[in-house]
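Take a look at the structure set out below.
Please treat every number below as a calculation from the coordinates, not as lab data. All values reported here derive from a predicted model rather than from experimental measurement. As a convention, Cβ positions derive from the backbone with ideal geometry for all residues, glycine included, and neighbour counts pool all protein chains shown.
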Amino acid sequence: MKKITTLAIALSAAISLGTTTAQAADEKFVTIGTGGQTGVYYVAGQSICRFVNRDTKTHGIKCNAPASGGGVANVNGIRSGEFNMGVMQSDHQYKAMEGLPPFDNKMEDIRALFSLQSEVFTVLARRDAHIAKLDDLKGKRVNIGNPGSGQRDTLEEIMAKKGWDRSVFSLAAELKPAEQASALNDNNIDAMTYFVGHPNGAIQEATTTVDAVLVPITGPEIDELLAEKNYYTKAEIPAGLYKGNDTPTQSIGGKAVISTSANTSPELVYQVVKSVFDNLERFKRLHPAFSDLNEQDMIKAGLSAPLHEGAVRYYKERGWL
């Protein structure tokens, strides 16, 4: 009897293990590259995964969205297979597809899913640094951003238009987004840069702990950049979002977009897109930057690469295409 019982337990365990193994084989995983944990990219990735994972039992997909170096790093992560999808600026999607700097080779298979919030190139400076305009950054301690970040790439485009290199700053720091506010507060830098949706936690932290002002990004070189690069548009940071900044601040901006590769499973893309749009009203409540999102803009605005076929399938089902 003991041998029979032992055999039954072993057989039951084997069946259970086999079932678990079969379930694991059926499960699919999606990894979304985001950005620093204080930025909207990280919230976007986490929010998408939140809704995907709610229905894992139905579609078998598990989603995770780790912090990353930002938009440029996410393009490279999709290219290398580290990420299935990534959040990036609309200009990075375009540059990746065309093989323009900072990318060495064309990524002709990059595909769009949808766009998210508008983003603004943002410069925040200590008031005692006396930085009132872009040219006042010369000779100052400026965080230009970590390699692979959107702020770094955009700032370098602006610098190129102005004929600047890093030597125009007394210090060109390469801090990650999460490190900027404390560096400004500790007087280790005079100004921080960010390409981000507003309101933003890091900007709120900085303006709460130190007297700091938003710097307008305007001038003839900026006008030339806007005329030449259609992936940038005029943008504005509204008045009153941050302590001590009671007037609107002019700058340039674009859209945050979710991108993937044409090789990504159409079913996987379909389920991710479905998870977001079936829960869009809930999604919009997860960050103030998402509050103005609407379906028609999300499937068209800022998409500088073709839509993935899995996304097209969902949009046609909804009658949007």
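For this structure, a couple of remarks:
- Entries of Lys57/Lys316; Lys28/Lys229; Lys162/Lys284; Lys138/Lys284; Lys57/Lys284 with Cα pairs more than 28 Å apart: Lys28/Lys229; Lys162/Lys284; Lys138/Lys284
- Over all pairs of different C-alpha atoms in the chain, the reciprocal of the mean inverse distance, the Kirkwood hydrodynamic radius, equals 20.9 Å.
- Hz values of 3J(HN,Hα) by residue in segment 175-182 - Karplus curve (6.51, -1.76, 1.60), Gly and Pro given as x: 6, 6, x, 5, 9, 5, 4, 5
- Packing, taken as the mean count of other beta carbons within 10 Å per residue, orders the peptides 106-115, 291-300 from highest to lowest as 106-115, 291-300.
- Here the convex hull built on the C-alpha positions of segment 223-277 has a volume of 132 cubic angstrom per residue.
- Segment 205-321: radius of gyration and largest Cα-Cα distance (Dmax), Å: 18.2, 51
- The listed peptides 41-53, 166-178, ordered by packing as a protection proxy, come out as 41-53, 166-178 (highest mean of other Cβ atoms within 10 Å first).
- Across all directions, the average flat footprint of the convex hull enclosing the Cα atoms of segment 119-254 is 7.0 nm².
- Highest-MSF residue in the chain out of Glu281, Glu224, Glu156 [GNM, Cα springs under 10 Å]: Glu224
- Were the residues from Ser167 through Ser80 laid out at 0.36 nm apart, the gain over their Cα-Cα distance would be 28.0 nm.
- Relative contact order, percent, segment 45-139 [alpha-carbon distance under 8 Å, six or more residues apart]: 14 percent
- Taking each residue as 0.36 nm, the span from Glu309 to Leu321 lengthens on full extension beyond its C-alpha to C-alpha distance by 3.1 nm.
- Extension gain (nm, one decimal) between Lys138 and Ala262, 0.36 nm per residue minus Cα-Cα: 40.4 nm
- Here the Karplus relation 6.51 cos²θ - 1.76 cosθ + 1.60, evaluated at θ = phi - 60°, turns the backbone of segment 92-101 into coupling constants of 5, 4, 5, 5, 5, 5, 8, x, 8, x Hz, with x for every Gly and Pro.
- Charged side chains reduced to their Cβ positions (Lys and Arg at +1, Asp and Glu at -1) give the chain a dipole of some 1140 debye around its Cα centre.
- Positive-pole candidate from Thr154, Ala96, Thr38, dipole of the chain, charges at beta carbon: Thr38
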